[in-house]
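Engineer: Okay, here's the structure, questions in a sec.
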Amino acid sequence: MREPDHENSSQSLPAQEPSVTAHPQEVFGATQTPGVQQPSALSIRGLAKRFGDKIAVDGVSLEVPAGSFYGMVGPNGAGKTTTLSMATGLLRPDFGTALVHGVDVWARPLEAKKLMGVLPDGVRLFDRLTGEQLVTYAGLLRGMDRDVVKSRVGELLAAFDLQADAGSLVVDYSAGMTKKIALSSALIHAPRLLVLDEPFESVDPVSAANIRGILDGYVASGGTVIVSSHVMDLVQRMCSHVAVVAGGRVLAAGSVDEVRAGSTLEERFVQLVGGGHRTEGLEWLRTF
């Protein structure tokens, strides 16, 4: 099992925590000053990354407005995960910068990571801990007060309907339960920005609805979510803004209505990315 990297892990840094309330969405909400222009929650400027001869990300720039539910969509291999890994301090870019609420992720990593909660795709959890132990560990790792952590862990387990399984090992969790306990760990310190890479992959409809409800409440209270996915219908229904990424580049970005331009998001995606339905050479499937 991989040990946490205390320099680069988004779950290894202490954060200031607001007072706990009975409602998780209130705990998670970011404070905004009326009439004051807020910086983008996430500003990505010219990020680029090459692996050998392959250009994975080619100068991606995005502005994620504070308080938005922002979707990043693209086919597999489009560069979504690499972009988000660089933007959250998990992978050093070859070029470019990323700022979280105006704080440079790579120049001021400790300060930037206090503002973020990250759910990476494919990163193995400490699954020999119970669910309750894992979320508690995430809070204590950030230097939070033990009593505050205990209170928030209880609220998070209740909100994600995990109370009955709090004492079970994470290795025995279903895919949906694993996503929910990982998201609880990302939320424990009440971040202003959540970055979620494929949070609904392999998740059953009931768990997905539960996760969406929590995220909707978080955004309604002033938090910001950026989520990567290749499920267009989900992003169109859930997100206020979207960026279409393919070949390591941003092909379109803006509000969902602006990007889809009167079509469905899936139709617009196919127009931008290219491709379509090819059936040539499959005549042998039509001989019955």
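Engineer: Within region 75-86, is even one residue of a type outside the set (Lys, Arg), part of a helix (DSSP H, G or I), touching a helix residue (DSSP H, G or I) at 6+ places or on another chain (Cβ under 8 Å) and buried (at least 24 other Cβ atoms within 10 Å of the Cβ)?
Structural biologist: No; the residues of region 75-86 include none that is of a type outside the set (Lys, Arg), part of a helix (DSSP H, G or I), touching a helix residue (DSSP H, G or I) at 6+ places or on another chain (Cβ under 8 Å) and buried (at least 24 other Cβ atoms within 10 Å of the Cβ).
Engineer: Oh, and also: Filter region 180-209 down to the residues that are touching a helix residue (DSSP H, G or I) at 6+ places or on another chain (Cβ under 7 Å) and part of a helix (DSSP H, G or I) and list them by number.
Structural biologist: 180, 181, 183, 184, 185, 187, 207
Engineer: For residue 158, only one of the following conditions fails: (1) touching a residue at least 12 places away in the same chain (Cβ under 8 Å); (2) within 30 Å of residue 142 (Cβ to Cβ); (3) part of a helix (DSSP H, G or I). What is its number?
Structural biologist: Result: residue 158 passes all but (1).
Engineer: For residues that are free of Cβ contacts under 8 Å to residues at least 24 places away in the same chain, under 30 Å from residue 53 (Cα atoms) and surrounded by 22 or more Cβ atoms within 10 Å (Cβ to Cβ), tally how many sit in region 88-125.
Structural biologist: 1
Engineer: Sort out which residues of region 217-254 are hydroxyl-bearing (Ser, Thr, Tyr) and under 16 Å from residue 42 (Cβ atoms), and write them in order of number.
Structural biologist: 218, 224, 228, 240
Engineer: Scan region 266-288 for residues that are hydrophobic (A, V, I, L, M, F, W, C), touching a strand residue (DSSP E or B) at 6+ places or on another chain (Cβ under 9 Å) and surrounded by fewer than 20 Cβ atoms within 10 Å (Cβ to Cβ) and jot them down.
Structural biologist: Residues satisfying the conditions are 272, 273.
Engineer: Another question, then. Kindly provide the set of residues from region 233-260 that are of a type in the set (D, E, K, R) and part of a strand (DSSP E or B), ordered by number.
Structural biologist: Residue satisfying the conditions is 249 alone.
Engineer: Go through 152, 128 for me and flag whichever is in contact with a His (Cβ under 9 Å, 6 or more places away or on another chain) and either in a strand (DSSP E or B) or not assigned by TED's automatic domain parsing to the domain that holds residue 224 (or both).
Structural biologist: Every option except 152 fails the conditions.
Engineer: For the structure I just gave you, tell me whether residue 206 is closer than 24 Å to residue 86 by Cα, of a type in the set (Val, Ile, Thr) and assigned by TED's automatic domain parsing to the domain that holds residue 76.
Structural biologist: No: the conditions fail for residue 206.
Engineer: Can I ask one more? Condition first: outside the structural domain of residue 158 (by TED's automatic domain parsing), in contact with a Gly (Cβ under 8 Å, 6 or more places away or on another chain) and either within 21 Å of residue 74 (Cα to Cα) or surrounded by 13 or more Cβ atoms within 10 Å (Cβ to Cβ) (or both). Can you find one or more residues in region 256-265 that meet it?
Structural biologist: Within region 256-265 (the criterion being outside the structural domain of residue 158 (by TED's automatic domain parsing), in contact with a Gly (Cβ under 8 Å, 6 or more places away or on another chain) and either within 21 Å of residue 74 (Cα to Cα) or surrounded by 13 or more Cβ atoms within 10 Å (Cβ to Cβ) (or both)), the answer is yes, since at least one residue qualifies.
Engineer: From 29, 74, 46, grab the single residue that is modelled with pLDDT of 95 or more and in contact with a Ser or Thr (Cβ under 9 Å, 6 or more places away or on another chain).
Structural biologist: 46
Engineer: Let me ask another. Can you tell me which residue among 259, 270, 170 is in contact (Cβ under 8 Å) with a residue 24 or more places away in the chain and of a type in the set (A, V, I, L, M)?
Structural biologist: 170
Engineer: Looking at (1) on the phi < 0 side of the Ramachandran plot; (2) under 15 Å from the mean Cα position of the chain (by Cα); (3) in a loop (DSSP other than H, G, I, E, B), can you tell me which one residue 263 breaks?
Structural biologist: (2)
The values are calculated or read from the model by the stated rules, or taken from the named source; none is laboratory data. Model, not experiment: these values are computed from the prediction. As a convention, Cβ positions derive from the backbone with ideal geometry for all residues, glycine included, and neighbour counts pool all protein chains shown.
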